[in-house]
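Structure, as structure tokens:
The values are calculated or read from the model by the stated rules, or taken from the named source; none is laboratory data. This is a predicted model, so every value here is computed, not measured. Glycine gets a Cβ as well: all are built from the backbone with ideal geometry, and neighbour counts include every protein chain shown.
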Amino acid sequence: MPGEKKKCVVWDLDNTVWDGVLLEGDRLTLRPGVHEALRTLDGRGLLHSVASRNDHEAAWARLTELGLAEYFLAPRIGWGTKSQAIREIAAELNLGTDAFVFVDDDPYERAEVGHALPEVLCLDATEVPKLAERAELNPEFVTTEARGRRRLYQAAARRKEAEEEFEGPQESFLASLEMCLRITPARESDLRRAEELTVRTHQLNATGRTYSYAELDALRTSSTHQLLVAELTDRFGPYGVIGLALVETGAEAWTVRLLLMSCRVMSRGVGAIMVNHLRRTARAAGRPLYADFVRTDRNRMMYIAYRLGGFTEEGRDGEVLSLRAADDEIPPLPDYLRLITDDD
């Protein structure tokens, strides 16, 4: 809907990205403002895709010749309806259809999408030269994570393809990824992404708490807290900042006030690795480690991660369940992952 921030622009091709019709043998030229809009919005962290009635191979070859193919994720080039194409793109990118803008020169196609998906913002191709000026496509903040968002999606697609083609046990596939997890104190440049994680992460958030930029900045510089960010990379590229931990470092005990991670690393075992890292750090400081857990309808996996990490229930204060880490031996890192911390 107009005024709401959008996350993905879906483009028609004929007489929208280029002048002319591909299958009619027209001499195709890039329409004014298209490349500039693609580049500018991509730099803000918006994604691009294609919904076009065309031959896929011929259309993709032309996009490649024009130097534009790299911008487009999850393209749907075929003969179905544009609304169905947008639904499929949304599913592949794990976005709601309310996050989409659709650009097409044909009023029939815009009407079809507008009727089937009224939450999608439909625009005429003539509006492309001023596309980047629209409020819906101007996020309040552009983080480092946002600027690399397209590449994160492209790396994820390559991982998924490799996993589907891999024959063998999961442990062997994980080893083939050559993963490296970096857990370090948050920098000021990490705070926008940290704030975004607290707001957007529900399934793998141990307390469901959210924190503003100002609150996180105060905690980052507090003498009684540690604010840690986790970044993951593998041979396909970066996952970006995928985890956040807030530890209150009391004189008698340490307490994990917040632990969360992105759902895109759920199958990588990162939850248990972060929990065990916190246990090792607290033990090195000579402090017992506690953790807050607030049950929601979506975060059972975080409770399981704590329990598998050696935590048991110690007590309750209202809705906050207090967990305590066991004093027994902490499991070593799995062979398939390398951990880097400030101590290394």
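I'd like to know if the range 296-308 contains one or more residues that are more than 25 Å from Arg149 (Cβ to Cβ), in contact (Cβ under 8 Å) with a residue 12 or more places away in the chain, of a type in the set (Val, Ile, Thr) and surrounded by fewer than 17 Cβ atoms within 10 Å (Cβ to Cβ).
Among the residues of the range 296-308, at least one is more than 25 Å from Arg149 (Cβ to Cβ), in contact (Cβ under 8 Å) with a residue 12 or more places away in the chain, of a type in the set (Val, Ile, Thr) and surrounded by fewer than 17 Cβ atoms within 10 Å (Cβ to Cβ), which makes the answer yes.
Anything in the range 186-233 that is over 15 Å from the mean Cα position of the chain (by Cα), within 10 Å of Leu260 (Cβ to Cβ) and of a type in the set (A, V, I, L, M, F, W, C)? List them, or say none.
Of everything in the range 186-233, just one residue is over 15 Å from the mean Cα position of the chain (by Cα), within 10 Å of Leu260 (Cβ to Cβ) and of a type in the set (A, V, I, L, M, F, W, C), namely Ala206.
Need a quick list: strands (runs of 3 or more DSSP E) entirely within the range 67-168 having at least 1 residues that are small (Gly, Ala, Ser), within 18 Å of the chain's Cα centre (by Cα) and surrounded by fewer than 19 Cβ atoms within 10 Å (Cβ to Cβ).
On the way: elements: 76-78, 100-104, 121-124.
Counting at least 1 such residues, we get no strands (runs of 3 or more DSSP E) at all.
Quick one: what pairs do we get from the range 195-214, first residue free of Cβ contacts under 8 Å to residues at least 12 places away in the same chain, second outside any helix (DSSP H, G or I), C-beta under 6 Å, 6+ apart or different chains?
These pairs meet every condition: Val199/Thr210.
Of everything in the range 169-190 that's polar (S, T, N, Q) and either surrounded by 12 or more Cβ atoms within 10 Å (Cβ to Cβ) or outside the structural domain of Tyr239 (by TED's automatic domain parsing) (or both), which residue is modelled with the lowest pLDDT? Full working, then the answer.
Of the range 169-190, the ones polar (S, T, N, Q) are 170, 172, 176, 184, 189.
Those still in the list that are either surrounded by 12 or more Cβ atoms within 10 Å (Cβ to Cβ) or outside the structural domain of Tyr239 (by TED's automatic domain parsing) (or both) too: 170, 176, 184.
Numbers: Gln170: 84, Ser176: 92, Thr184: 95.
Filtering first and then ranking leaves Gln170.
Just to check your reading of the model, which residue among Glu252, Glu319, Glu248, Glu313 is surrounded by 14 or more Cβ atoms within 10 Å (Cβ to Cβ), farther than 26 Å from Glu171 by Cα and acidic (Asp, Glu)?
Exactly one residue qualifies, and that residue is Glu248.
On the basis of being assigned by TED's automatic domain parsing to the domain that holds Arg182, more than 21 Å from Leu333 (Cα to Cα) and free of Cβ contacts under 8 Å to residues at least 60 places away in the same chain, does Leu244 make the cut?
no
Give the number of residues within the range 199-214 that are of a type in the set (A, V, I, L, M, F, W, C) and in a helix (DSSP H, G or I).
2
Would you check if there is a residue in the range 306-314 being over 17 Å from Arg280 (Cα atoms), in the same structural domain as Val265 (by TED's automatic domain parsing) and not polar (S, T, N, Q)?
Within the range 306-314, one or more residues are over 17 Å from Arg280 (Cα atoms), in the same structural domain as Val265 (by TED's automatic domain parsing) and not polar (S, T, N, Q).
Out of the residues in the range 8-41 that are at pLDDT below 95 and touching a Gly at 6+ places or on another chain (Cβ under 8 Å), which is surrounded by the most Cβ atoms within 10 Å (Cβ to Cβ)?
Leu28
In the range 191-240, how many are touching a Ser or Thr at 6+ places or on another chain (Cβ under 7 Å), β-branched (Val, Ile, Thr) and buried (at least 19 other Cβ atoms within 10 Å of the Cβ)?
The qualifying residues number 3.
I'd like the residue in the range 191-225 that is under 24 Å from Phe311 (Cβ atoms) and touching a helix residue (DSSP H, G or I) at 6+ places or on another chain (Cβ under 6 Å) and, out of all such residues, is modelled with the highest pLDDT.
Checked the range 191-225; the qualifying residue modelled with the highest pLDDT is His225.
Can Leu181 be described as under 17 Å from the mean Cα position of the chain (by Cα), in a strand (DSSP E or B) and in contact (Cβ under 8 Å) with a residue 40 or more places away in the chain?
Criteria met by Leu181.
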